[in-house]
Amino acid sequence: MKVSKKVSSVEYAIRDVISSAIDLEKQGKTIDYLNIGDPAQYGFQPPENVKQALIDAVKKGKNFYSVSEGIPELREAIAKKENSKGLSISKEDILVTNGVSEGLDMVISSIVEEGDEVLLPGPYYPPYASYVRLHGGIPVEFAVDMENSTPDIDDIKSKITSKTVAICLISPNNPTGAVFKENSLKKLIDIANESNLYIICDEIYDQIVFDEKFTGIGKVAGNAPVIILNGFSKVHLMTGWRVGYIAFNNSPQLELIRQHLPKLTRVRISTNQPVQYAALESLQGPQEYISEFVSELKKHRDLVVKRLNLMPGISCSNPKGAFYAFPKIENNPFKSDKEFVLELLKQKNVLTVHGSGFGTKYGSGYFRLVFLPNMEKLNFALDKIEDFMNSFKP
Ligand SMILES: Cc1ncc(COP(=O)(O)O)c(C=O)c1O
């Protein structure tokens with residue numbers, strides 16, 4: 001029977017490559033998984049007080065549907081967090097979602113009609129393009145300088161048409177680790193104001209930065225139509241618990257979406273209530289676990305970037321945040337970056353993700369690896385990548 005064109009166009013490179021790894025595992029091979037950005041799978045677990053908050057909520061009987069918008073205490077704590085980054089909002093401006101993924105789906109479905117264009121940073125986290133397509137829109141990539149984390153403002157301006165409805169930003173970025181600086185964010189706000197566009201800014205890695213203090217879009221948003229997506233999967237190590245949020249800036253242009261989008265939270269009833277109590281604890285309890293996680297990750301980042309740059313045929317810019325390296329394949333003996341990744345998997349049993357999975361325009365010719373595994377495992381996988389690269393040397 002037929003399926004819709006919309007659904008058949010959905011791709012998710014990060015998980016799509018896994019089937020090849022599973023085939024190898026069936027043949028008895030052990031795979032080094034460097035493909036999924038999930039800290040909890042690599043041993044970075046939520047702290048005990050957060051786990052306890054989840055257990056306590058279950059034991060206290062919080063096992064029913066919550067209000068669709070999210071429990072008030074959590075919405076309040078989230079508004080406080082976003083205000084500390086520069087916004088000036090209240091709990092009414094927050095909607096709790098089943099992760100950023102659901103928030104993204106809700107926002108895109110609320111603003112995109114057939115043929116509308118959405119600007120995405122190139123390269124981008126794949127669900128951005130998938131949801132835009134699923135809702136009938138057209139993703140349009142704009143250039144970002146990976147070396148100095150700067151969006152190409154002229155490129156963005158040249159790509160705005162009468163069909164453009166929004167500019168999406170991901171800072172820190174997945175897959176490049178680029179973190180936009182305050183002056184770039186200001187310019188993006190100016191463009192949104194001039195052209196009457198939504199700014200959708202994903203800050204899920206906001207506290208995972210290595211070199212400079214993070215500046216969020218909230219600091220420069222003024223009363224521009226900014227919608228922030230954020231969640232508890234990365235900084236708060238709660239990937240499998242599925243909780244995130246949408247934060248609306250105080251902007252008159254957001255009046256209509258604020259009226260209509262909450263209906264989507266009602267039709268999906270609610271997010272997991274006990275997990276909302278755990279998320280609350282993760283914001284209000286001790287925060288040291290975050291700085292410990294980030295200082296460990298910085299060591300991983302330094303190791304990975306240094307070693308990759310010493311390999312023949314590879315160059316890698318320094319990710320300023322998140323937990324991904326996005327090396328360029330300078331000498332690719334294979335037809336494409338996907339083939340490179342599949343050969344690396346087949347020959348050395350190391351699973352990474354092809355760059356073109358993050359957008360063909362700016363992602364092709366690269367691959368992404370996650371630097372969450374411990375130093376020993378990273379060194380082991382890097383030895384194998386090095387052997388692989390050495391095998392093509394003339
Ligand atoms: C930029 C970005 N946004 C959102 C997500 C998914 O977030 P969640 O687990 O909250 O759905 C990811 C996961 O890799 C991501 O990299």
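Set side by side, the residues Ala221, Ala247 differ, and just one is touching a residue at least 60 places away in the same chain (Cβ under 8 Å), under 22 Å from Ser90 (Cβ atoms), within 16 Å of the ligand (Cβ to nearest atom) and among the small types (Gly, Ala, Ser), which is Ala247.
I'd like to check something: does segment 113-133 contain any residue that is part of a helix (DSSP H, G or I), aliphatic (A, V, I, L, M) and in contact with a helix residue (DSSP H, G or I) (Cβ under 7 Å, 6 or more places away or on another chain)? Looking through segment 113-133, at least one residue is part of a helix (DSSP H, G or I), aliphatic (A, V, I, L, M) and in contact with a helix residue (DSSP H, G or I) (Cβ under 7 Å, 6 or more places away or on another chain). Please determine whether any residue of segment 41-51 is free of Cβ contacts under 8 Å to residues at least 60 places away in the same chain and farther than 26 Å from Gly218 by Cα. Yes, segment 41-51 contains at least one residue that is free of Cβ contacts under 8 Å to residues at least 60 places away in the same chain and farther than 26 Å from Gly218 by Cα.
Among the residues examined, Ala178 qualifies as within 16 Å of the ligand (Cβ to nearest atom) and more than 25 Å from Leu261 (Cβ to Cβ). Are any of the residues in segment 33-47 more than 25 Å from Ile228 (Cβ to Cβ) and open to solvent by less than 20 Å² (accessible area, probe 1.4 Å)? Yes. For segment 10-32, which positions are at pLDDT below 90 and open to solvent by less than 40 Å² (accessible area, probe 1.4 Å)? Within segment 10-32, Ala13, Ile14, Val17 meet the criteria. Within segment 371-394, the set of residues being among the hydrophobic types (A, V, I, L, M, F, W, C), assigned to a loop (DSSP other than H, G, I, E, B) and more than 28 Å from the chain's Cα centre (by Cα) comprises just one member, Phe392. Of all the residues in segment 178-210, those that are among the β-branched types (Val, Ile, Thr), crowded, with 24+ Cβ neighbours inside 10 Å and outside any loop (DSSP other than H, G, I, E, B) number 2.
Looking at segment 57-108, which of its residues are acidic (Asp, Glu) and farther than 20 Å from Ile257 by Cβ? Matches in segment 57-108: Glu73, Glu76. Consider segment 134-177 and keep the residues that are polar (S, T, N, Q) and in a strand (DSSP E or B). The one that is least open to solvent (accessible area, probe 1.4 Å) is Thr164. Does any residue of segment 249-258 turn out to be assigned to a loop (DSSP other than H, G, I, E, B) and of a type in the set (Lys, Arg)? Within segment 249-258 (the criterion being assigned to a loop (DSSP other than H, G, I, E, B) and of a type in the set (Lys, Arg)), the answer is no, since none of the residues qualifies. Taking the criterion of being buried (at least 19 other Cβ atoms within 10 Å of the Cβ) and more than 17 Å from the chain's Cα centre (by Cα), the residues of segment 212-263 that qualify are Gly218, Val220, Ala221, Ala224, Pro225, Val226, Phe248, Asn249, Ser251, Leu254, Ile257, Leu261. Residue pairs whose Cβ atoms lie under 7 Å apart, separated by 6 or more positions or on different chains, with the first residue in segment 318-335 and within 18 Å of Leu34 (Cβ to Cβ) and the second basic (Lys, Arg), are Pro319/Arg301; Tyr324/Arg368; Phe326/Arg368.
With respect to the conditions (1) hydroxyl-bearing (Ser, Thr, Tyr); (2) open to solvent by 40 Å² or more (accessible area, probe 1.4 Å); (3) in a loop (DSSP other than H, G, I, E, B), Ser66 falls short on a single one, namely (2).
The values are calculated or read from the model by the stated rules, or taken from the named source; none is laboratory data. This one's a predicted model, so the numbers in the text were calculated from it and none came from an experiment. Here Cβ is always computed from backbone atoms with ideal geometry, including for glycine, and neighbour counts include all displayed protein chains. Ligands, DNA and RNA are stripped out before the accessible areas are found, and what is left, the full protein with its side chains, is counted by its heavy atoms. Shrake-Rupley method; radii C 1.70, N 1.55, O 1.52, S 1.80 Å.
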